[in-house]
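Novice: Have a look at this one.
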Amino acid sequence: MNNSTFVHKYVEPLIGSEDICVDMTAGNGNDTLFLCKRVKKVYAFDISEEAIRKTAERIKDYDNVVLVNDSHANLDKYIKEKIRLFIFNLGYLPKAEQYSVTEASETLKAVQKAYEFLEKDGYIVITFYLGHRGGKDEYYLLTRYLSDSNITIQETYRQDKPDSPVTLILR
Ligand SMILES: C[S@@+](CC[C@H](N)C(=O)[O-])C[C@H]1O[C@@H](n2cnc3c(N)ncnc32)[C@H](O)[C@@H]1O
């Protein structure tokens, strides 16, 4: 099972029709589409205009998505409500016209802000990709922050292959 399939299977029983969720890296819109079919409202962030365009096309039959063409580190400019679930699918947009990749310091800011908006029994899910330049640094910076902040990692998922993506389920 790939990491995206794992994430969808894991979070499906945790979200419901009254929830507000955030896709922190909209990309091709797979996570946004998964969420908007199941919850009341979804915010989807991406710094890439191309990603926002692709996501808009994927969710065109739904009217419960707020697309934000800005960094997820600025989430507090757009979100005022408590959030049930944040999904981060880090790395770069595959097959994109322009290379647009998540950066460790910006991701760290976004995770810190996400905790300010998280419901008491909410979840943050982060998938790290270790194979591209900067991917391992992003993983080490974030896992050091989680350990220094005594944040509970409820579950870790990774396939048994070198440099395979790592998904962390956080409370
Ligand atoms: C692996 S892709 C996401 C895939 C997506 N979740 C999907 O289901 O198709 C990573 C995305 O993160 C975006 N990204 C990079 N830095 C970002 C930032 N600071 N804020 C929001 N999105 C960012 C990239 O543009 C790229 O589209």
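Laboratory data are not the source of any read-out in this text; all were calculated from the coordinates shown. The shown structure was predicted, so the numbers you read here are calculated from the model rather than taken from an experiment. Because the Cβ atoms are built from the backbone with ideal geometry, glycine has one as well, and the counts that use them run over all protein chains shown.
Novice: For the stretch 140-161, give me the residue count where each residue is within 16 Å of the chain's Cα centre (by Cα) and more than 18 Å from Tyr115 (Cα to Cα).
Specialist: Residues flagged as within 16 Å of the chain's Cα centre (by Cα) and more than 18 Å from Tyr115 (Cα to Cα) within the stretch 140-161 amount to 2.
Novice: Condition (residue is more than 15 Å from the chain's Cα centre (by Cα), surrounded by fewer than 18 Cβ atoms within 10 Å (Cβ to Cβ), away from the ligand (no atom under 13 Å from the Cβ) and part of a loop (DSSP other than H, G, I, E, B)) applied to the stretch 40-52: is it met by at least one residue?
Specialist: yes
Novice: Which numbered condition in (1) under 16 Å from Leu118 (Cβ atoms); (2) assigned to a helix (DSSP H, G or I) is the only one that Lys80 fails?
Specialist: (2)
Novice: Consider Thr127 against the criteria (1) in a helix (DSSP H, G or I); (2) polar (S, T, N, Q); (3) under 30 Å from Glu18 (Cβ atoms): it satisfies all of them except one. Which criterion is unmet?
Specialist: (1)
Novice: Going by what's in this entry, would Tyr115 be described as more than 8 Å from the ligand (Cβ to nearest atom) and outside any helix (DSSP H, G or I)?
Specialist: On the way: more than 8 Å from the ligand (Cβ to nearest atom): yes; outside any helix (DSSP H, G or I): no.
Against the criterion (more than 8 Å from the ligand (Cβ to nearest atom) and outside any helix (DSSP H, G or I)), Tyr115 does not qualify.
Novice: Can you name every residue in the stretch 84-110 that is within 9 Å of the ligand (Cβ to nearest atom), of a type in the set (Asp, Glu) and part of a loop (DSSP other than H, G, I, E, B)?
Specialist: Glu103
Rundown of residues vs (1) touching a Ser or Thr at 6+ places or on another chain (Cβ under 8 Å); (2) among the hydroxyl-bearing types (Ser, Thr, Tyr); (3) assigned to a helix (DSSP H, G or I), yes/no style:
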residue	(1), (2), (3)
Ser4	yes, yes, yes
His8	no, no, yes
Ala26	yes, no, no
Asp31	yes, no, yes
Lys60	no, no, no
Leu67	yes, no, no
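Novice: I'm checking my understanding of the structure. Among residues of the stretch 21-39 that are touching a Phe, Trp or Tyr at 6+ places or on another chain (Cβ under 7 Å) and within 18 Å of Gln98 (Cβ to Cβ), which one is nearest to the ligand (Cβ to nearest atom)?
Specialist: Thr25
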